[in-house]
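Chemist: This is the structure I have questions about; it appears just below.
The values are calculated or read from the model by the stated rules, or taken from the named source; none is laboratory data. Keep in mind the model is a prediction, meaning the values are calculated, not measured. Quick reminder, even Gly has a Cβ in these numbers, built from the backbone with ideal geometry, and neighbours come from all protein chains shown. Surface areas here come from the heavy atoms of the whole protein model, side chains and all, with no ligands, DNA or RNA. Shrake-Rupley method; radii C 1.70, N 1.55, O 1.52, S 1.80 Å.
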Amino acid sequence: MKQELINYILHLADNALILGQRNAEWCGHGPVLEQDIAMTNISLDLIGQARNFYQYAASLLGEGATEDTLAYLRTEREFRNCLLVEQHNGDWGQTLLRQFLISNFQQLLYTALQTHKDRQLAAIAEKSLKEVTYHLRWSSEWVIRLGDGTRESHERMLKAIDTLWRYTGELFEPAAYETACVQDGTAVSLATIKDEWQHKTGEVFSEAGLPVPENIFMLTGGKMGKHTEQMGYILAELQYLQRAYPNAQW
Amino acid sequence: MPVKDLEQLFQQKIDAEVKIEPRDWMPDAYRKTLIRQISQHAHSEVVGMLPEGNWITRAPSLKRKAILLAKVQDEAGHGLYLYAATETLGVSREETINDLHSGKAKYSSIFNYPTLTWADIGAIGWLVDGAAIMNQVMLTRTSYGPYARAMVRICKEESFHQRQGFESLLVLSRGTPEQKEMCQDAINRWWWPALMMFGPSDSESTHSEQSMRWKIKRKTNDELRQNFIDMCAEQVKILGMHLPDPALRWNEARNHYDFGAINWEEFWNVVKGNGPCNKQRLAARVQAWEDGEWVREAASAYARKKQSGNKAA
Ligand SMILES: [Fe+2]
Ligand SMILES: [Fe+2]
């Protein structure tokens with residue numbers, strides 16, 4: 001059971017880290033200074049969440065594991081984040097849509113996780129929930145603003161949906177370690193939050209004048225370590241110094 | 001009142017240490033000098049995000065990544081305060097930014113140097129933020145109220161950045177041989193450009209004298225530079241590193257460190273656009289602005305729709 005729980009925690013941590021890493025690419029390049037700051041804030045929150053999860057996983061693993069060995073010394077096949085978070089930033093619209101889809105998910109997930117029996121996980125979820133609630137509000141507003149802004153922004157949002165929607169199915173497809181943890185009462189059953197996620201997404205899309213796609217073939221695998229080609233590049237950048245100078249302290 | 005009397009009154013206020021506020025009468029040249037200086041300062045904060053941003057995705061630990069992100073975010077905040085201070089002088093942020101993009105406005109030349117290794121991030125914190133603080137602490141007492149107040153907020157964060165930068169170098173200086181080498185190399189590359197941040201020597205500086213009379217500045221470029229050198233020459237000992245200046249030595253009689261000649265030819269070349277990264281820095285800013293145009297347009301179109309919707313309702 002312990003290994004399943006560790007895998008589940010790593011999955012939560014990897015989601016937060018990889019999305020935080022992607023968002024960080026915007027730092028200094030945002031469309032306007034205030035939004036540059038907001039995006040960096042979200043990135044910081046996510047990296048903070050990832051650290052909490054990694055530290056917990058490391059304490060369960062023992063044997064010298066730390067937040068950094070987990071983030072910097074695992075390979076792409078060992079990372080368990082969803083495919084959605086590793087996708088390219090694309091334009092501001094695509095980044096914001098990705099954020100909305102994930103924040104909507106994380107908000108529901110952390111809300112449910114707060115009352116689960118693993119006290120440590122519940123505490124991290126509770127702490128992260130305030131942040132994620134803000135991310136959700138901020139990204140919802142942007143999806144609406146861009147969907148209902150100009151013809152160009154509307155077109156760009158349609159394209160973003162076309163690019164990203166195919167990765168949303170994976171959010172609700174439990175990995176084996178997840179199912180085991182659900183049975184044990186330490187993980188959130190995805191089936192219980194799926195309806196609410198769809199409802200909220202539908203609400204925001206409808207206010208934005210954007211269609212919710214139907215019958216899209218979903219791509220999955222990230223949670224089991226089968227990623228898109230982008231993942232290797234993300235890790236090459238992320239892990240460069242730890243790989244180039246093994247065992248150095250920074 | 002004749003302009004001559006207004007000017008006299010203005011100078012009396014300055015001499016009496018009364019802050020000048022946006023609605024007060026001020027000489028045109030004073031306003032222009034401030035616009036030039038504050039907007040240049042704002043641009044420096046924003047362009048300065050680029051060399052450091054270059055290492056965010058490659059930071060060597062999660063803690064360092066968070067520290068660096070927060071730092072670069074602070075710099076964006078500084079840019080905001082300073083653009084707001086420029087606006088109090090009657091120039092819109094958009095105009096100010098356009099001047100940067102057209103090349104009309106300058107920013108600190110230090111940001112035209114590349115960040116080649118991780119140690120550069122520590123060196124920038126220690127030396128570049130350190131040099132900026134020297135200047136900015138003085139500016140907390142500058143005669144223009146909004147500028148002085150912006151500086152008070154900024155200075156607190158800058159000294160935090162400097163401490164973090166130094167601490168990051170300290171870890172490298174006690175690390176592996178490769179890390180030590182990286183640390184010394186970064187100091188070698190950033191030292192002289194950091195000294196140039198204080199601007200030309202007093203004898204060469206065109207704006208200095210009038211700015212001192214108006215108490216926009218309270219110390220000369222050379223005084224600030226000397227203070228900075230005296231501080232770093234001591235701090236570098238804690239790192240067990242050295243500053244790349246064979247002429248650096250304590251002068252008992254002057255009660256200051258003597259130092260070697262600054263390469264002003266390099267300085268002026270970087271100012272004129274011939275530095276290692278001038279083209280890339282400006283191009284990155286222009287591209288971010290152009291790529292963001294549809295976003296800004298959509299946001300204001302949406303805001304207009306909401307506003308007219310509210311009126312109709
Ligand atoms: Fe700053
Ligand atoms: Fe700073």
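Chemist: Let me spell it out: the conditions are (1) more than 14 Å from ligand 2 (Cβ to nearest atom); (2) surrounded by 22 or more Cβ atoms within 10 Å (Cβ to Cβ); (3) closer than 29 Å to B:A59 by Cα, and B:T142 meets all of them except one. Which number is the exception?
Modeler: Against the list (1) more than 14 Å from ligand 2 (Cβ to nearest atom); (2) surrounded by 22 or more Cβ atoms within 10 Å (Cβ to Cβ); (3) closer than 29 Å to B:A59 by Cα, B:T142 comes up short only on (3).
Chemist: Has region B:58-66 got any residue that is within 14 Å of chain A (Cβ to nearest Cβ) and open to solvent by 30 Å² or more (accessible area, probe 1.4 Å)?
Modeler: Yes: one or more hits.
Chemist: I'd like the full set of residues that are within 13 Å of ligand 1 (Cβ to nearest atom), open to solvent by less than 20 Å² (accessible area, probe 1.4 Å) and away from chain A (no Cβ under 14 Å), limited to region B:145-168.
Modeler: Those that are within 13 Å of ligand 1 (Cβ to nearest atom), open to solvent by less than 20 Å² (accessible area, probe 1.4 Å) and away from chain A (no Cβ under 14 Å): B:A150, B:M151, B:I154, B:C155, B:E158, B:H161.
Chemist: Can you run down the residue pairs with Cβ atoms below 9 Å, 6 or more apart or on separate chains, where the first is in region B:247-262 and over 14 Å from B:L195 (Cα atoms) and the partner is open to solvent by 100 Å² or more (accessible area, probe 1.4 Å)?
Modeler: Sorted first by the residue in region B:247-262, then by its partner, the pairs are B:H256/B:W250.
Chemist: May I ask you to list the residues in region B:10-66 that are among the aromatic types (F, W, Y) and either within 16 Å of ligand 1 (Cβ to nearest atom) or under 23 Å from B:L282 (Cβ atoms) (or both)?
Modeler: B:W55
Chemist: So which of B:E7, B:E52 is surrounded by 23 or more Cβ atoms within 10 Å (Cβ to Cβ) and of a type in the set (D, E)?
Modeler: When all the criteria are applied, what remains is B:E52.
Chemist: Quick check: is even one residue across region B:14-23 closer than 30 Å to B:L172 by Cβ, open to solvent by 60 Å² or more (accessible area, probe 1.4 Å) and part of a helix (DSSP H, G or I)?
Modeler: No, region B:14-23 contains no residue that is closer than 30 Å to B:L172 by Cβ, open to solvent by 60 Å² or more (accessible area, probe 1.4 Å) and part of a helix (DSSP H, G or I).
Chemist: Here is a follow-up. Which residues, taken from region B:80-126, are open to solvent by less than 10 Å² (accessible area, probe 1.4 Å), among the small types (G, A, S) and either more than 12 Å from ligand 1 (Cβ to nearest atom) or closer than 19 Å to B:K32 by Cα (or both)?
Modeler: Listed by number, the residues that qualify are B:A85, B:A119, B:G122, B:A123.
Chemist: Please enumerate the residues belonging to region A:7-31 that are part of a loop (DSSP other than H, G, I, E, B) and open to solvent by 20 Å² or more (accessible area, probe 1.4 Å).
Modeler: A:E25, A:W26, A:H29
Chemist: In this structure, is A:A65 in contact with a Ser or Thr (Cβ under 9 Å, 6 or more places away or on another chain) and open to solvent by less than 10 Å² (accessible area, probe 1.4 Å)?
Modeler: Considered against the rule, which asks whether it is in contact with a Ser or Thr (Cβ under 9 Å, 6 or more places away or on another chain) and open to solvent by less than 10 Å² (accessible area, probe 1.4 Å), A:A65 comes out as no.
Chemist: Show the residue pairs meeting these rules: Cβ distance below 7 Å; 6+ apart or different chains; first residue within region B:1-16 and within 14 Å of B:R213 (Cβ to Cβ); second residue in a loop (DSSP other than H, G, I, E, B).
Modeler: Qualifying pairs under 7 Å: B:E7/B:P27; B:F10/B:W25; B:F10/B:M26; B:F10/B:P27; B:I14/B:S143; B:I14/B:W214; B:I14/B:K215.
Chemist: May I ask you to say which residue of B:D74, B:D99 is away from ligand 2 (no atom under 15 Å from the Cβ) and outside any loop (DSSP other than H, G, I, E, B)?
Modeler: Every option except B:D99 fails the conditions.
Chemist: Also: If you take the residues of region B:273-313 that are aliphatic (A, V, I, L, M) and more than 10 Å from chain A (Cβ to nearest Cβ), which of them is most open to solvent (accessible area, probe 1.4 Å)?
Modeler: Ranking the qualifying residues of region B:273-313, first place goes to B:A313.
Chemist: Which one of A:E34, A:E4 is away from chain B (no Cβ under 11 Å) and either surrounded by 21 or more Cβ atoms within 10 Å (Cβ to Cβ) or of a type outside the set (K, R) (or both)?
Modeler: Exactly one of A:E34, A:E4 is away from chain B (no Cβ under 11 Å) and either surrounded by 21 or more Cβ atoms within 10 Å (Cβ to Cβ) or of a type outside the set (K, R) (or both), namely A:E4.
Chemist: Moving to a separate point now. I'd like the full set of residues that are open to solvent by less than 10 Å² (accessible area, probe 1.4 Å) and over 9 Å from the mean Cα position of the chain (by Cα), limited to region A:71-82.
Modeler: A:A71, A:Y72, A:F79
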